1. Of everything in the stretch 86-144 that's assigned to a loop (DSSP other than H, G, I, E, B) and within 11 Å of the chain's Cα centre (by Cα), which residue is surrounded by the most Cβ atoms within 10 Å (Cβ to Cβ)?
2. Residues being more than 18 Å from Ser89 (Cβ to Cβ), part of a helix (DSSP H, G or I) and of a type in the set (Gly, Ala, Ser): count how many of those fall in the stretch 1-59.
3. Of everything in the stretch 69-85, what is part of a strand (DSSP E or B), of a type outside the set (Ser, Thr, Tyr) and buried (at least 17 other Cβ atoms within 10 Å of the Cβ)? Give them in sequence order.
4. Here are Ile81, Ile27, Ile57: which of them is touching a Ser or Thr at 6+ places or on another chain (Cβ under 7 Å) and of a type outside the set (Gly, Ala, Ser)?
5. Return only the number of the condition from (1) closer than 24 Å to Ala5 by Cα; (2) surrounded by fewer than 17 Cβ atoms within 10 Å (Cβ to Cβ); (3) free of Cβ contacts under 8 Å to residues at least 40 places away in the same chain that Trp66 does not satisfy.
6. How many of the residues in the stretch 85-116 are of a type outside the set (Ser, Thr, Tyr), at pLDDT 95 or above and under 19 Å from Glu46 (Cα atoms)?
7. From the list Gly112, Gly118, Gly97, which one is within 19 Å of Glu24 (Cβ to Cβ) and of a type in the set (Gly, Ala, Ser)?
8. Could you please tell me which pairs satisfy a Cβ distance under 9 Å, a separation of 6+ or placement on different chains, a first residue in the stretch 115-136 that is without any contact (Cβ under 8 Å) to a residue 24 or more places away in the chain and over 30 Å from Asp3 (Cβ atoms), and a second residue that is of a type outside the set (Gly, Ala, Ser) and part of a helix (DSSP H, G or I)?
Amino acid sequence: MVDEALLKSLKAKFDGGADAAKPEDMIDVFKFFKAVSTENEDLAEELEDMDIAVQQILTDVDKKYWIKAQNGDISYGEGEIDNPSFTFSCTMAVGAGMLFGEVDATSAYMAGDITVEGNLQDAMAFQEIIELAMEAFEDLTEDL
């Protein structure tokens, strides 16, 4: 079961919007992704055969985070990861906006707000993970 305290904390952060997000909020979002990935059937199925390592660089706050989806499991952390499938760089507001479900990654990429180095197919697959996790988040928090 996803920790209710984490859900309430994230809901408050999401309600505050991406512009109010702090770099450390990224870890909380990744923590939620990991927790919900074991409970949500659609997300678990999507992750089952996935092998993606994502490097996120927040350019305006000089922070780096990574998240990895491998064999149905999610791991994450701060710093750099070896051999990422792709690296995306953006400002804190855009990065939080993507993870908070406020910014469409494809539109941001086309507008030049995100730069992606590496496998674009993996980037699109990761976007699907974000979308499924956000749908699960909405379902889990509708009564909070």
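The values are calculated or read from the model by the stated rules, or taken from the named source; none is laboratory data. As the structure is a prediction and not an experimental result, all values here were calculated from the model. Virtual Cβ from ideal backbone geometry, glycine too; neighbours counted across all protein chains shown.
1. First, pick out the residues of the stretch 86-144 that are assigned to a loop (DSSP other than H, G, I, E, B): 91, 100-104, 111-114, 119, 142-144.
Cutting the leftovers down to within 11 Å of the chain's Cα centre (by Cα) gives us 100-101.
Working: Phe100: 23, Gly101: 16.
Of everything passing the filter in the stretch 86-144, Phe100 is surrounded by the most Cβ atoms within 10 Å (Cβ to Cβ).
2. Of the residues in that region, 8 qualify.
3. Filtering the stretch 69-85 for residues part of a strand (DSSP E or B) gives 69-70, 73-78.
From what's left, of a type outside the set (Ser, Thr, Tyr): 69-70, 73-74, 77-78.
If the condition is that a residue be part of a strand (DSSP E or B), of a type outside the set (Ser, Thr, Tyr) and buried (at least 17 other Cβ atoms within 10 Å of the Cβ), then Ala69, Ile74 are the ones that fit.
4. Values: Ile81 fails: touching a Ser or Thr at 6+ places or on another chain (Cβ under 7 Å); Ile27 fails: touching a Ser or Thr at 6+ places or on another chain (Cβ under 7 Å).
One residue alone meets the criteria, Ile57.
5. (2)
6. Matching residues across the stretch 85-116 total 1.
7. Details: Gly112 fails: within 19 Å of Glu24 (Cβ to Cβ); Gly118 fails: within 19 Å of Glu24 (Cβ to Cβ).
Matching residue, one of Gly112, Gly118, Gly97: Gly97.
8. Once the first residue is without any contact (Cβ under 8 Å) to a residue 24 or more places away in the chain and over 30 Å from Asp3 (Cβ atoms) and sits in the stretch 115-136, no partner that is of a type outside the set (Gly, Ala, Ser) and part of a helix (DSSP H, G or I) comes close enough.
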